[in-house]
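Input: a single structure, listed below in structure tokens.
The values are calculated or read from the model by the stated rules, or taken from the named source; none is laboratory data. All of these numbers come straight from a predicted model, not from anything done at the bench. No Cβ is skipped: glycine too gets one built from the backbone with ideal geometry, and neighbour counts run over all protein chains shown.
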Amino acid sequence: MLPIHRTGTTLSMRSALAVTVSSLFILSNFVGAEPNQSTVEALLSNLPAPGSAAYRTLYETADRPHREVLDMTKAEVWIIAPERMEAVIAAATRAGVKFTKLEAAWNRPFAPMVRPPAMSAKQRTMMHGAMESKAVVGMRMMELPPPSVAEYALTKGMHDAGPNAPQPELVIPISEDKTIAVRRTSVAPVAGGYAWHGVVKETGEPVTLLWWPSGKMSGSITYHNHIYSVHNMGAGMHAIVADREFSIQHGLYGCSLQCSRKTDDHDMARFLSSQSGRPHFHYDITVRSEMLPSARNRVVLTAERNRWGLQRPSAHCVIDARDFQNVEQTLRIFGETLIRLGRGRVRVNNDRIYKDVWGQGHTLGTTRMGTSRDESVVDGE
């Protein structure tokens, strides 16, 4: 179960670290069929203006395919029949359009650098600074795909609505010998880029990625209670840093922070702006936290029956003191990190952490099947 803490905690930071929806985008139009094994996904960039004769000619050559417009890079993904490929490539070349066939690895936002280029002095300083932490046990250099490919990997189907809307997956190499699949739960435009939220398919642990069309990425990945941080090293290089001992060192477990309600009309934002000479903004933070398993939290059958004669269930759930402490400690470490980096401050409101809590999410354990009441909730029937 995921208790939600409306902490009222406040955060002031530079606009470069903004994590809030700052603009809306017009929904793309979709025409034709979804991709299947007999079609090809192709990414087209540097297209003529939509509605122009050149655009219509190219679109008709492709037999009016399903298309998805990428809001930030202005590229488009078309689903093309294989027999149309040569004609479309030829027409695209004549129109000065870049045509890229999306290969099987299109949903990999990072690719290991086989031979990383020589680092600048600034990059070497960043790398050594990250590796100096006792919690860090490894770093892997990565490169990002072209911006239009990265945007499609992060946002594919984001404008589709309804309960059957797709939730595409990404494949991320977190170390030399481990690659994980992560499923998107949400994606939204933020400060000129996208905030991508998802979960590791294997464990359900949180993943957050921030991407900008300039080719920058940052974020964090939690896997088996180990934290992997994504750092932008500049010049197209990114590093995935394995902070495997961090959560153990600080006694933390699954907890995510969502920043919202961006404003510069706040005393702390004005103070930090005046002190640094750079714009700062205030955010509210909503905390979503896992709960420790407890035998006291359970669902039992009562004597009361519903209209079908079945016993009604009764749920008993008490949030452990350690769950509250996990939220507070996560916020305080976040604040300490911002201070150390010179990026902002966090004001922790303990009254809201401990008193203003509401729960939702995925309650586990209520469908455990077996033959013994001591080990299961329901039987084979």
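Worth a mention:
- Checking each residue in the stretch 226-266 for being modelled with pLDDT of 75 or more and in contact with a Phe, Trp or Tyr (Cβ under 7 Å, 6 or more places away or on another chain) picks out Ile227, Leu257, Cys259, Ser260, Arg261, Lys262, Thr263, Asp264.
- Any hit, the stretch 150-171, residues being among the acidic types (Asp, Glu) and at pLDDT 80 or above: yes
- Some residue of the stretch 185-202 being acidic (Asp, Glu), modelled with pLDDT under 85 and in the same structural domain as Leu257 (by TED's automatic domain parsing): no
- From the options Ser218, Ser214, residue that is part of a loop (DSSP other than H, G, I, E, B), small (Gly, Ala, Ser) and in contact (Cβ under 8 Å) with a residue 12 or more places away in the chain: Ser214
- Lone unmet requirement of (1) crowded, with 17+ Cβ neighbours inside 10 Å; (2) modelled with pLDDT under 85; (3) in contact with a helix residue (DSSP H, G or I) (Cβ under 8 Å, 6 or more places away or on another chain) for His280: (2)
- No other residue among Ala42, Ala49 is buried (at least 18 other Cβ atoms within 10 Å of the Cβ), at pLDDT 90 or above and under 26 Å from Ser214 (Cα atoms) apart from Ala42.
- Restricting attention to the stretch 52-96 and to residues that are in a loop (DSSP other than H, G, I, E, B) and without any contact (Cβ under 8 Å) to a residue 40 or more places away in the chain, the residue that is farthest from Trp211 (Cα to Cα) turns out to be Asp63.
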